[in-house]
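The values are calculated or read from the model by the stated rules, or taken from the named source; none is laboratory data. Just so it is clear, the structure is predicted and the values come from calculations on it, not from any experiment. As a convention, Cβ positions derive from the backbone with ideal geometry for all residues, glycine included, and neighbour counts pool all protein chains shown. Calculation scope for accessible area: heavy atoms of the full protein, side chains included, ligands and nucleic acids excluded. Shrake-Rupley method; radii C 1.70, N 1.55, O 1.52, S 1.80 Å.
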Number of protein chains: 2
Amino acid sequence: MYVKGVTKQSFRLLSDKASRFVPKTGVYPKGFSVGGIHCGVKKDGKSLDLALLKNDFGKEASAAAVFTTNKFKAAPVQVSAKLIKEKKGFGINSIIINSGNANAVTGARGLKDAEDMVVVTDSVLENPSNSTLVMSTGVIGNNLPIDNVLSGIPKLALSNLGNTHEHWIACATAICTTDTFPKLVTKQFQLNGNTYALAGLAKGAGMICPNMATLLGFFVTDAPVTPSALNQILKYSVDRSFNSISVDGDMSTNDTIVAIANGAAGGEVIDNTSSSAESFAILQQEITGFAQQLAQLVVRDGEGATKFINILVKDALSYKDAKTVASSVANSNLFKTAMYGKDANWGRILCAIGYSNVSTSESIIPSKTSVSFVPTDGSEELKLLVNGEPETVDEERASEILQHEDLDIVIDLGTGGGQQANFWTCDFSHEYVTINGDYRS
Amino acid sequence: MYVKGVTKQSFRLLSDKASRFVPKTGVYPKGFSVGGIHCGVKKDGKSLDLALLKNDFGKEASAAAVFTTNKFKAAPVQVSAKLIKEKKGFGINSIIINSGNANAVTGARGLKDAEDMVVVTDSVLENPSNSTLVMSTGVIGNNLPIDNVLSGIPKLALSNLGNTHEHWIACATAICTTDTFPKLVTKQFQLNGNTYALAGLAKGAGMICPNMATLLGFFVTDAPVTPSALNQILKYSVDRSFNSISVDGDMSTNDTIVAIANGAAGGEVIDNTSSSAESFAILQQEITGFAQQLAQLVVRDGEGATKFINILVKDALSYKDAKTVASSVANSNLFKTAMYGKDANWGRILCAIGYSNVSTSESIIPSKTSVSFVPTDGSEELKLLVNGEPETVDEERASEILQHEDLDIVIDLGTGGGQQANFWTCDFSHEYVTINGDYRS
């Protein structure tokens with residue numbers, strides 16, 4: 001096993017994907033320490049199931065978060081949302097996360113458990129009170145083995161935190177459930193003559209859908225950003241990343257994405273006022289690209305996924321229309337099973353374009369719609385439909401293109417509106433059914 | 001093979017389901033003749049692929065139809081919708097249907113082919129022009145082998161029509177694609193001292209979703225009904241039947257449901273004016289129950305389905321809310337795979353209730369929501385969630401209940417609104433993926 005420090009973690013398909021998508025090294029933001037241990041939520045007695053991130057920089061960090069819109073919000077979502085609102089995004093210095101149990105639909109006892117996780121973490125880290133966000137992921141409807149979690153927190157906080165690559169991998173591993181590899185991305189960028197770092201973690205696999213795609217994700221930076229600017233950037237970037245991916249169309253009770261900026265790398269503070277408009281724009285672009293990279297890993301690891309599909313909808317009347325059409329195709333079971341079967345059944349793409357819930361009667365005009373497969377090896381695109389008329393498709397060529405793991409599908413709506421959106425999805429396989437027919441056992 | 005007259009038809013899983021759900025006999029409406037032959041669309045050279053229904057009663061029949069809302073409407077949908085609109089529902093005397101090819105996204109040639117099917121049928125049957133509706137079902141994007149279809153029409157119309165049970169079975173069989181059994185339902189009812197008959201046919205299997213559920217369906221009666229009344233009844237009944245089922249959530253380019261009433265059994269004409277309010281109400285109830293029976297057969301035969309699930313949402317603020325919640329659960333892949341795996345994972349039910357797109361913030365209140373499994377063998381219900389608090393579930397009992405093919409799930413929203421809706425769905429199996437990963441070959 002190549003993942004140092006987490007040799008006890010048994011991934012389901014350990015895995016070609018792990019070796020391709022998990023970094024072997026990384027440059028991490030200054031002033032954070034992280035880690036992951038097994039505390040006793042996961043029943044195998046060894047897999048990592050408790051993760052912690054903490055701001056070590058002397059100053060209070062800025063934070064922003066977006067949460068699931070599901071009506072049945074899990075206890076940790078309720079607690080974290082209340083806390084970040086009360087603090088207006090100032091002084092969130094740590095995140096405590098357990099995997100193996102979602103602490104969702106667990107009534108009053110569940111709320112108390114989530115609150116206790118915050119209290120104990122703040123106490124052990126000697127934070128001011130209410131400085132910690134809490135997240136949980138796993139099965140819905142069972143109470144947490146809270147004693148195991150609460151006694152795990154000091155063990156993790158006092159002896160297992162650090163800022164090495166191995167610590168970040170352990171942290172990313174400890175938030176996984178049915179994931180086949182930990183999702184960790186790092187990046188450096190320049191702004192105003194300073195070098196800043198970004199690190200991002202996510203867990204995904206099941207229940208991945210537009211509108212708060214991954215179960216859990218967070219990214220941290222050592223750039224100095226106001227809570228208001230961070231909040232605006234987070235919403236923009238999540239809309240174009242975690243809310244533009246689909247694995248199975250279901251939205252979970254626990255979905256949470258958090259961004260934390262501690263300013264440890266110094267430089268001028270970035271706000272969303274006109275005075276720092278240029279810096280804001282650059283930071284927004286950096287973070288959006290970064291969030292897309294992280295969100296795409298979630299699709300790569302979609303339950304049972306054998307394909308990674310990028311759907312680009314061009315020349316729509318609006319960004320919203322473009323995204324609606326792309327999402328409709330990305331969520332079509334018939335399209336996704338055809339991709340699994342390497343069947344160039346473009347009729348199913350058309351069909352899903354046609355029933356997408358676009359805003360106006362001019363948004364989709366069959367006689368202006370074109371669809372192509374674009375091979376990811378740089379070879380020529382294969383036109384399937386041009387201005388509503390089907391092309392005579394070279395099935396051999398289509399089949400060749402569909403042998404690749406990666407595929408780009410370009411849908412040109414030809415409205416003259418010029419707006420576009422990307423959406424990332426995976427195929428729908430036998431393995432998905434196997435995993436989800438037997439998740440709890 | 002037990003289906004007399006269609007011994008050449010090879011169903012995919014011929015089948016326990018066929019022996020349970022295909023009637024051995026029936027009492028059919030007066031004044032209609034029907035039939036089905038192989039004309040040369042399906043490539044095996046023998047399966048029935050052309051069906052015809054014709055009104056033999058001397059008077060012109062009333063007709064009503066609902067069509068797919070997909071933007072890419074197949075050629076036969078465009079032709080039939082235009083025709084029925086122009087005729088205002090009067091004088092539609094026949095329906096011609098081919099299976100094996102959807103004549104969808106086929107451009108100008110496709111429209112001409114659909115029109116030619118109408119012209120040739122009217123001519124052979126000696127109808128006034130524009131008296132025939134046309135439907136097609138099958139693969140999208142290929143032109144019809146139109147010569148085979150057009151030369152099949154006289155063969156079918158002149159030598160293969162009748163009103164026996166065998167003729168109806170042949171007609172129901174000739175509209176099938178991936179269906180594992182033909183869907184045919186008959187019923188008699190009393191109204192104003194007269195006995196009337198209803199016969200209904202449908203084809204389903206793939207692309208079954210709310211909003212025009214089945215690919216094709218039609219029902220005919222010998223009761224006398226005005227086009228306006230028939231139209232109103234059709235819309236009401238389809239909303240509560242074909243638009244309240246889900247197999248895979250995709251909506252096809254070809255979905256069409258047609259109702260035809262020829263009045264051959266005599267009696268007073270039923271209209272939707274106040275003078276025949278009572279008769280109208282009775283007829284609407286009869287037809288709605290009948291349409292539900294037919295629509296449920298489509299779910300029974302969902303691609304790869306091993307379960308039949310009735311979702312009842314009770315005490316909603318509105319019928320629309322109740323249906324929205326039921327539809328959200330019925331379309332959740334995670335719920336459907338759990339049902340396939342016989343896993344009482346009620347968290348996924350909650351989750352899908354929580355992300356359903358209901359109309360107001362009072363429509364779903366977690367602390368008032370209850371969920372139960374109701375066994376279809378009459379034994380006691382199993383409570384999973386009561387007023388938002390999870391019950392301690394007897395997993396053995398849950399597993400026992402999930403062994404049954406049929407399952408009722410009752411979701412009580414507890415809003416005090418008192419409205420309810422039923423929704424029917426199937427599970428999501430390995431077989432679904434197999435069928436749809438390789439549909440075209």
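Brief remarks follow.
- Once backbone amide H atoms are built at 1.01 Å from N, B:F72 has A:G354 as its partners under 5 Å, excluding neighbours fewer than 5 places away on the same chain.
- Solvent-accessible area of chain B (1.4 angstrom probe, protein heavy atoms only): carbon and sulfur portion equals 48 percent.
- Think of it as helices only: each DSSP H run of n ≥ 4 in chain A is worth -39500 (n - 2.57), and spread over all residues that comes to -10000 deg cm²/dmol at 222 nm.
- Most mobile listed residue (B:T221, B:T253, B:T106) in chain B, GNM with C-alpha springs under 10 Å: B:T106
- Chain B: angle of helix B:227-239 to the longest principal axis, Cα-based, in degrees nearest 10: 40 degrees
- Global geometry of segment A:63-148, whether rounded, prolate or oblate, following the gyration tensor of its Cα atoms and the 1.5 cut on a/c: oblate
- Taking a Cβ cut-off of under 14 Å around B:A316, the surrounding Lys, Arg, Asp and Glu residues balance to a net charge of +1, with basic ones at +1 and acidic ones at -1.
- Taken about its Cα centre, chain B carries a charge dipole of about 1320 debye when Lys and Arg each add +1 at the Cβ and Asp and Glu each add -1 at the Cβ.
- Distances in nm from B:S123 to the matching label points in the other copies, shortest first (labels 7 Å along Cα to Cβ): 9.0
- Residue order for B:K73, A:K155 - accessible surface, 1.4 angstrom probe, largest first: A:K155, B:K73
- Length gained on full extension, A:E396 to A:S19, computed as 0.36 nm times the residue gap minus the Cα-Cα distance: 132.6 nm.
- The A:I282 and B:T69 beta-carbon pair, evaluated with R₀ = 35 Å, returns a calculated FRET efficiency of approximately 0.20.
- Other protein chain Cβ atoms within 10 Å, averaged over every residue that makes up A:66-72: 6
- Per residue of B:252-264, other chain Cβ atoms within 10 Å of the residue Cβ number 1 on average.
- Overall form of the protein assembly as shown per C-alpha gyration tensor (a/c, 1.5; a/b vs b/c): prolate
- Linear extension gain, B:R109 paired with B:N357, 0.36 nm per residue minus alpha-carbon span: 85.2 nm
- Copies compared at B:I282 - label distances in nm, ascending, label defined 7 Å from Cα in the Cβ direction: 8.1
- Packing-based order for B:87-94, A:113-120, using average beta carbon neighbours within 10 Å, highest first: A:113-120, B:87-94
- Dipole size of segment B:290-417 about its Cα centre, with +1 on Lys/Arg Cβ and -1 on Asp/Glu Cβ: approximately 520 debye, rounded to the nearest 20.
- Counted residue by residue at 0.36 nm each, then reduced by the alpha carbon distance between them, the extension gain from A:E389 to A:F90 reaches 102.1 nm.
- Inter-chain Cβ neighbour count for B:330-343, averaged per residue, equals 6 (cutoff 10 Å, partner chain atoms only).
- Cα long-axis angle, helix A:277-300 against chain A (0 to 90 degrees, to the nearest 10): 80 degrees
- Distance in nm between pseudo-label sites at A:V139 and B:D377 (7 Å out along the Cβ direction from Cα): 2.5 nm
- Annotation for A:S367, label-to-label distances across the other copies: 5.8 nm (shortest first, one decimal, point 7 Å from Cα along Cα→Cβ).
- Helix A:75-86 axis versus longest C-alpha principal axis of chain A: approximately 80°, rounded to the nearest ten.
- Here the dipole of the protein assembly as shown is about 80 debye; that uses its Cα centre as origin and unit charges on the Cβ of Lys and Arg (positive) and Asp and Glu (negative).
- Per the axis that maps chain B onto chain A, nearest residue of B (Cβ criterion) and its distance in Å: B:H430, 3
- Inter-probe distance in nm under a simple model that places probes 7 Å from Cα toward Cβ, at B:V27 and B:N163: 1.4 nm
- Summary of packing: across the peptides A:235-243, B:32-40, the per-residue average of other C-beta atoms within 10 Å ranks them, highest first, as B:32-40, A:235-243.
- Prolate/oblate/rounded label for segment A:308-437 (Cα gyration tensor, a/c 1.5): oblate
- Cα→Cβ-extended label distance, 7 Å offset, between B:S151 and B:S129, nm: 2.6 nm
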